[in-house]
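Structure record follows, encoded as C-alpha cells.
What follows draws every value from the coordinates through simple rules; no lab data is involved. Quantities reported herein were computed from a predicted structural model and do not represent experimental measurements. In this analysis, Cβ positions are derived from the backbone assuming ideal geometry, glycine residues included, and neighbour counts consider all displayed protein chains.
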Amino acid sequence: MGTTLTWGFAAALALATGTRLWLARRQIRHVRTHRNAVPAGFADAIPLAAHQTAADYCVAKTRLAAIDLLVGAAALVALTLGGGLQALIDALATGFDPAGLWHGVALIASVVLLLSLLELPLTLWRTFVIEARFGFNRQTPALFIADLARQAAIGAALGMPLVILVLWLMARMGQNWWLYVWLAWMAFNLLVLLLYPTLIAPLFNKFTPLADPALAGRVEALLARCGFRSSGLYVMDGSKRSSHGNAYFTGFGAAKRIVFFDTLLSRLAPAEIEAVLAHELGHFRRRHVWKRVALLFGLSLALLWTLGQLIGHAWFFHGLGVRTPSTAAALLLFFLVVPVFTFFLQPLTSLYSRQHEFEADAYAASHSSAADLVRALVRLYQDNAATLTPDPLFSAFYDSHPPAARRIARLQENPGS
C-alpha cells in the first residue's frame, strides 16, 4: 500500500502541476492575443492604454503564480518523498521527546516557518516589483516588515494554542478524536470571526467613522431598505498599502461592520458606492457567508474523518516519506497532500462562488441601481487593472467572480432579476 500511495501521490502531483502550468500558459496567450483591442462592450468606457496595462498586469501576475507553483511543488516533494519531514522529526528529537506533545508542536511550527520563509521572496517580488511597476504598491519596506511581525505575532498567539489543543485531543480522545478536533476547529473559526473586526483588523489598518454626512445618509437609507443593522460605517486607510479599492462587511451579530476602503470613496460617485454596498449586502441577505462557512465546516469534517481512518496505518506515513509515525506528522502529511488530490474539484467551488456573485448583483439591482453598479464595476475594473479578456478555461478553474463582460451583460439584460 505504501508504494501504491507513493506512486499515486507522484502521479497526482505531476498531473495537477502540469494542468496548472498549462492553464497559466493558456491565460497568458489568451490575454496577449486580445491585448490590442478593448472588448466591444467596454470600448466607450475604458481606453486602449488602460486595457493594455491590465493585460500586462495579468500576464506578470500569472507568470509569478507559475513560479510560485513550481516552488511549492518542489517544496512538497522535498518534505514528503524527499525525506525533509523525516529529517525535521529526527532533528527535533534531540531536544524533545519524539512521543511527546511538544515535539509535535515544534514540528508543525518548523514546517510553517519553513514554508513562510520560502514564500517570502515571491511576496517581496509581488509587492515591490509587480505591484510597484503598475502603480499599485504604496507599502514601504518598514511597513512590510512591521506587517510581517504583526502577522507572525497574531499567528503565534492564535495558532499555537490551537495546535496544542488539537494534538492533545488527538492523543487523548481515542478513535473519535477527529470529531473533537472538528468541534474545536469550528469554535476557533467562529471566535476569529467575532474578534477580527474589533481586535485584529485595527492592528493593521486605521478605521474611522464615515464622515461624509450625505453619503452616510444615503447608506443608512439603503441599510433600512435592506433590513440590515450594523455596528457602524467605517473608512479604512487601505491607501497606505495599495491603491486597489474595495468595500466589505465583516463580523456577525452585534459586531457587524461595514467598511469602505478610502481608495474606493475617492474614485466612485455616491450612487456608485451605494450600488457596490448593495452588492455586498446581497451576500449577507442571501446568506452566502454562512453557506460558505457551512461548506467549509462540512468539508473539514469529512477531511478529519478521512485522516482518522488513515492515521493508524503505517503505509500512510511510509508512502509519503515518513518513517516515524506521529499525530503531528499525520496532520502535516495529510494537509500538505490533500490539495494535490482535490485540485480538479476547484472548478466546482469557483462555480459556486460565481453563482453567489450573480445573486448579489441581482440583489443590488433590485435595491439600488443596476446602471450605477455597472458604472462602478467598469471603474473598478479599470482602476484595479483587472483583465477584461481572461481565458475561459482558466477563468472556470480559478475565478471566484464572473468574467467582466458576462457579469455586466447580465446586469444590463436583467436589471432587476
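Here are the numbers for the structure shown:
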{"read-out": "Distance between region 323-370 and region 1-79 - C-alpha centres, whole angstrom", "value": "18 Å"}
{"read-out": "Gain in span if fully extended, Val77 to Val112, counting 0.36 nm per residue against the direct Cα distance", "value": "11.0 nm"}
{"read-out": "Cross-link reach list, aspartates and glutamates versus Lys240, counting only Cα pairs under 13 Å and skipping chain neighbours closer than eight places", "value": "Asp147, Asp262"}
{"read-out": "Alpha-carbon centroids, region 377-401 and region 204-236: separation in whole Å", "value": "28 Å"}
{"read-out": "In order through region 83-100: 3J(HN,Hα) via Karplus (6.51 cos²θ - 1.76 cosθ + 1.60), integer Hz, x for Gly, Pro", "value": "x, x, 5, 5, 5, 5, 4, 5, 5, 6, 5, 6, x, 9, 5, x, 9, x"}
{"read-out": "Region 82-123 pair-distance distribution - Cα-Cα, 10 Å bins, rounded %", "value": "29, 47, 20, 4"}
{"read-out": "For Ser242, residues with placed amide H under 5 Å, excluding near neighbours", "value": "Arg138"}
{"read-out": "Spin-label proximity, Trp305 to region 159-186 - amide N less than 11 Å from point 7 Å beyond Cα toward beta carbon", "value": "179"}
{"read-out": "Backbone N within region 367-390 under 20 Å of label point (7 Å from Asp44 Cα along the Cβ vector)", "value": "369-383, 388"}
{"read-out": "Region 334-381 - convex hull of the alpha-carbon atoms, volume per residue in Å³", "value": "102 Å³"}
{"read-out": "Label-point separation, Arg138 to Trp102 (7 Å along Cα→Cβ), nm", "value": "4.6 nm"}
{"read-out": "Candidates Ser353, Ser231, Ser266, ranked by Gaussian network fluctuation over the chain, Cα under 10 Å, top entry", "value": "Ser266"}
{"read-out": "Förster-model FRET efficiency, 51 Å R0, Ala211 and Leu15, C-beta, rounded to 0.05", "value": "0.40"}
{"read-out": "Cα-based Rg and Dmax for the chain, where Dmax is the largest Cα-Cα distance (Å)", "value": "23.5, 68"}
{"read-out": "Angle in degrees between helix 2-33 and the longest Cα principal axis of the chain, rounded to the nearest 10", "value": "20 degrees"}
{"read-out": "Whole-Hz couplings from phi, Karplus 6.51/-1.76/1.60, listed for region 299-308; x for Gly and Pro", "value": "5, 5, 5, 5, 5, 5, 4, 4, 4, x"}
{"read-out": "Degrees, to the nearest 10: 327-342 long Cα axis against longest axis of the chain", "value": "50 degrees"}
{"read-out": "Relative contact order computed over region 135-267 (Cα-Cα under 8 Å; 6+ residues apart), in percent", "value": "26 percent"}
{"read-out": "Sorted peptide list for 181-187, 320-326, criterion being average Cβ within 10 angstrom, highest first", "value": "320-326, 181-187"}
{"read-out": "Gaussian network model of the chain, Cα within-10 Å springs - most flexible of Gly84, Gly104, Gly174", "value": "Gly174"}
{"read-out": "Partner lysines for Lys256 [C-alpha distance under 21 Å; skip if fewer than 8 residues away on the same chain]", "value": "Lys206, Lys291"}
